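The values are calculated or read from the model by the stated rules, or taken from the named source; none is laboratory data. None of these values were measured; they are calculated from a predicted model. Heads up, the Cβs are rebuilt from the backbone with ideal geometry, glycines too, and the neighbour counts pull from every protein chain shown. Accessible surface is based on the protein model in full, side chains and every heavy atom, while ligands, DNA and RNA are left aside. Shrake-Rupley method; radii C 1.70, N 1.55, O 1.52, S 1.80 Å.
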Amino acid sequence: MPRRRSVYEEDGMDMTPLIDCVFLLLVFFMVTTVFKQPYSLQVELPEATQAKVVEEKKLVASITADGRMEINRHPVTLENLEQVLLREKSGTHSLTLVVRTDKKTRHRHLLDLFEVAKRVGIEKIPLATDDHQGGD
């Protein structure tokens, strides 16, 4: 007597071998992948018995397209820039000077500021640009 087919049996492809192959490929790629550690310096930090958190206030310099400068919202000229930077640096205890410029600022003004900042001991000078136009 011929075997009767159940209503729930379907003719179709058996997916088990395909799933096995995909699993084997996954395992193969996981095993053959090289995980490199990024180059880093091994630094042994000193231990402290007391710690005091110091919040560093940053110095902010703004330069317009026509060369006018401000340090922490105080207008400065190239002649008194060094004195103002020294005063603001000692007041904020910061070694970082954030420079905000207009997109049309000439490089000459930036180079003058960088030279004076190096002279007074500023170590980091990140640049920020301001390209917002008034009526555009």
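For the subset of region 58-81 comprising residues that are small (Gly, Ala, Ser) and surrounded by fewer than 19 Cβ atoms within 10 Å (Cβ to Cβ), which member is modelled with the highest pLDDT? The selected residue is Gly67. The set of residues from region 82-113 being under 17 Å from Lys124 (Cβ atoms), assigned to a strand (DSSP E or B) and open to solvent by less than 80 Å² (accessible area, probe 1.4 Å) comprises Thr96, Leu97, Val98, Val99, Thr101.
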